[in-house]
1. Once both labels are modelled 7 Å past Cα along the beta-carbon direction, what's the A:SER73-B:LYS111 spacing in nm?
2. Report, in debye and to the nearest 20, how large the dipole of chain B comes out about its Cα centre when Lys and Arg carry +1 and Asp and Glu carry -1 on their Cβ.
3. Evaluate peptide A:29-42: per residue, the Cβ atoms of other protein chains within 10 Å of its Cβ; return the mean as an integer.
4. Set the bar at 25 Å for Cα to Cα. Now go through B:LYS54/B:LYS111; A:LYS30/B:LYS68; B:LYS54/B:LYS99; B:LYS5/B:LYS54; B:LYS5/B:LYS37 and name every pair that lies beyond it.
5. Taking H placed 1.01 Å from N in the peptide plane, check which residues at least 5 places from A:THR5 or on another chain put their amide H under 5 Å from its amide H.
6. Would you mind computing, in nm to one decimal, how far apart the modelled labels at A:SER27 and B:ASP55 are, each placed 7 Å from Cα along Cα→Cβ?
7. Students often check this: by mean Cβ neighbours within 10 Å, which of B:11-19, A:36-44 ranks highest, and how do the rest follow?
8. Can you compute the radius of gyration and Dmax for chain B, using only the Cα atoms, both in Å?
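Nothing in this text is a laboratory measurement; each read-out follows from the coordinates by a stated rule. Only a predicted model underlies this, so the values are computations on that prediction, with no experimental measurement involved. When we count neighbours, we look across all protein chains shown, and the Cβ atoms used for this are built from the backbone with ideal geometry, even at glycine.
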Amino acid sequence: DAGVTQSPTHLIKTRGQQVTLRCSPISGHKSVSWYQQVLGQGPQFIFQYYEKEERGRGNFPDRFSARQFPNYSSELNVNALLLGDSALYLCASSLEGLLAGQETQYFGPGTRLLVL
Amino acid sequence: DQQVKQNSPSLSVQEGRISILNCDYTNSMFDYFLWYKKYPAEGPTFLISISSIKDKNEDGRFTVFLNKSAKHLSLHIVPSQPGDSAVYFCAASAGNTGKLIFGQGTTLQVKP
């Protein structure tokens, strides 16, 4: 079975632009979470979605938004890009998200975003 | 406010010996803990997890220990292999929240 897939793998944008990142979860997984990892730090939680509904949001500005589709894939959008948005963006999938309590999240390879 | 801390940025061990990676946390509501391994240019790979109702979980060469009173967990790798060289992250979650809180990571180098 395929794992979590993300596209694109790399992206270069300029300040002020907008970007959309895509994620497909493991088959059968209904929950998708997004994380941002900057160099030298651990991943930081941005959003979690389950059954197309937002279940959790981290401490990120409103420039960050996401959505989940009926096939459980997800998009992360970032508007008005800043230099500080340069990071590795990770998508993780899990079976049921919040509803199952303790649950392992499985990560995709990430999208590396560089903002110039 | 760093709720999950990995105080050792790096660790170097000889092949065949034990690697011990440590993690401390401050939030007593955390009830599920995970370890991930990350190679450059890849996403984190799940290794092993432990629920707060247990104090030990084993999976092959990997064992995770949880000391709730000390708010401390550790990952033991025995025997260590050169292919284990990577960045290791501990992560924690609380109750019915879906978000994982990660430590800063520890870079493990296993020398042949």
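1. 4.8 nm
2. 80 debye
3. 3
4. B:LYS54/B:LYS111; A:LYS30/B:LYS68
5. Result for A:THR5 returns A:SER24.
6. 4.3 nm
7. Final packing ranking: A:36-44, B:11-19.
8. Gyration radius and largest Cα-Cα distance of chain B: 13.4, 43 Å.
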